[in-house]
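Below is one structure, written out as structure tokens, with a few remarks after it.
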Amino acid sequence: MSLEMFLQHCFNALTLGSLYALIAIGYTMVYGVLRLINFAHGDILMVGAYFVFFGTFAFGWPWGVSAIVAVCGASLLGVLVERVAYRPLREAPRISALISAIAVSFFIESLAVVVFTGQPRPVLQPDWLISEWQWGNIRILKLTAFVPVMTAVLVAGLLYILYRTKPGLAMRAISKDIETTRLMGVRVDNIIAFTFAVGSALAAASGIMWALRYPQVHPYMGIMPGLKAFVAAVVGGIGSVQGAVIGGVILGFVEIMSIAFFPEMSGYRDAFAFIILVLVLVFKPTGLLGENLKEKI
């Protein structure tokens, strides 16, 4: 493999890893405050991509306006899912919330098939994103650079919210002890809803960029990215935002580089993520940056 080809694969891996990281953050945020895996997270990614599709094709909005509307709409959907499917089961056994999460995922997918049909639809790619830069024999689409840069900006904004604002302080407090935080006067339900809104906004942003990179949308487009992002969250240490980013980048590089060096294994591309998941659960169940939580008996 030439150096130019290797660098090309590195850029592609960074782009894919950035998308996984952005989706994984949503998983890790919800798990941090509720100790719950939101299996509908990948479907919110799909809804965000559809919002952009209809904004640009059906309503003729500029791409930027459609993206903003998609992020806001996905945030509202995340809050609605939390209010309807998770909040009533907050005091119920953990298995009930898990079943509810799976049911919500199936419901959103089935509703999307009924409303949008199951036919894949093309996505409008702005001209300024599909042009390319060239250095020697290396050709890089501006989209390939746009995705990691936008992911870095969104992650920086999220870290600012978590560590420099009162809602972020409340979110970190809830992740440690929800009942004590409630006794301190924090409106726990509002903070949890805010967490779902932020996580869903990030899912929509990743869905928009995913649809730009793989330019089509369909009702089941969020399943595999969602599962792989969950693996990334576990690898990095679920509950840790920084860990989710690291896990996503690692997963992106493993997936791209394994195919680059072993092209005959391309049919097993999706299997690599789950092999990594098994290895992490066996040798380091808390992930790279996860904390060991001590249960009081």
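Does the range 173-182 hold any residues that are closer than 14 Å to residue 30 by Cβ and open to solvent by 30 Å² or more (accessible area, probe 1.4 Å), and which are they?
Passing the criteria: 175, 178.
Show the residue pairs meeting these rules: Cβ distance below 8 Å; 6+ apart or different chains; first residue within the range 135-146 and farther than 17 Å from residue 6 by Cβ and of a type in the set (D, E, K, R); second residue surrounded by 15 or more Cβ atoms within 10 Å (Cβ to Cβ) and at pLDDT 80 or above.
Every condition considered, the pairs that remain are 142/129.
Among the candidates 272, 261, 283, 230, single out the residue that is in contact with an Asp or Glu (Cβ under 9 Å, 6 or more places away or on another chain) and hydrophobic (A, V, I, L, M, F, W, C). Steps first, please.
Details: 261 fails: in contact with an Asp or Glu (Cβ under 9 Å, 6 or more places away or on another chain); 283 fails: in contact with an Asp or Glu (Cβ under 9 Å, 6 or more places away or on another chain); 230 fails: in contact with an Asp or Glu (Cβ under 9 Å, 6 or more places away or on another chain).
From the options 272, 261, 283, 230, the qualifying one is 272.
Which ones in the range 207-249 are open to solvent by 30 Å² or more (accessible area, probe 1.4 Å) and either polar (S, T, N, Q) or more than 30 Å from residue 127 (Cα to Cα) (or both)?
Once the filter is applied, which keeps residues that are open to solvent by 30 Å² or more (accessible area, probe 1.4 Å) and either polar (S, T, N, Q) or more than 30 Å from residue 127 (Cα to Cα) (or both), the range 207-249 yields 216, 227, 230, 238, 239, 242, 246.
Test residue 13 against the criterion of being over 12 Å from the mean Cα position of the chain (by Cα), of a type in the set (A, V, I, L, M, F, W, C), open to solvent by less than 10 Å² (accessible area, probe 1.4 Å) and more than 30 Å from residue 96 (Cα to Cα), and give yes or no.
yes
Please verify whether the range 90-111 includes one or more residues that are in a loop (DSSP other than H, G, I, E, B), among the acidic types (Asp, Glu) and modelled with pLDDT under 90.
Yes, some residue in the range 90-111 is in a loop (DSSP other than H, G, I, E, B), among the acidic types (Asp, Glu) and modelled with pLDDT under 90.
Based on what the data block shows, is residue 239 touching an Asp or Glu at 6+ places or on another chain (Cβ under 8 Å), among the small types (Gly, Ala, Ser) and not in a helix (DSSP H, G or I)?
It is true that residue 239 is touching an Asp or Glu at 6+ places or on another chain (Cβ under 8 Å), among the small types (Gly, Ala, Ser) and not in a helix (DSSP H, G or I).
Yes/no matrix, rows are residues, columns are (1) in a helix (DSSP H, G or I); (2) of a type outside the set (D, E, K, R); (3) more than 30 Å from residue 182 (Cα to Cα); (4) touching a residue at least 12 places away in the same chain (Cβ under 8 Å):
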| position | (1), (2), (3), (4) |
| --- | --- |
| 27 | yes, yes, no, yes |
| 39 | no, yes, no, yes |
| 47 | yes, yes, yes, yes |
| 61 | no, yes, yes, no |
| 66 | yes, yes, yes, yes |
| 71 | yes, yes, no, yes |
| 74 | yes, yes, no, yes |
| 77 | yes, yes, no, yes |
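Does residue 61 meet the test of being more than 20 Å from residue 218 (Cβ to Cβ) and either polar (S, T, N, Q) or exposed (fewer than 12 other Cβ atoms within 10 Å of the Cβ) (or both)? Write out each step before concluding.
Details: more than 20 Å from residue 218 (Cβ to Cβ): yes; either polar (S, T, N, Q) or exposed (fewer than 12 other Cβ atoms within 10 Å of the Cβ) (or both): no.
The answer is no for residue 61.
The values are calculated or read from the model by the stated rules, or taken from the named source; none is laboratory data. Bear in mind the structure is a predicted one, so any value in this text is a computation, not a measurement. When we count neighbours, we look across all protein chains shown, and the Cβ atoms used for this are built from the backbone with ideal geometry, even at glycine. When the accessible area is computed, the model is the full protein with side chains, heavy atoms only, and any ligands, DNA or RNA have been set aside. Shrake-Rupley method; radii C 1.70, N 1.55, O 1.52, S 1.80 Å.
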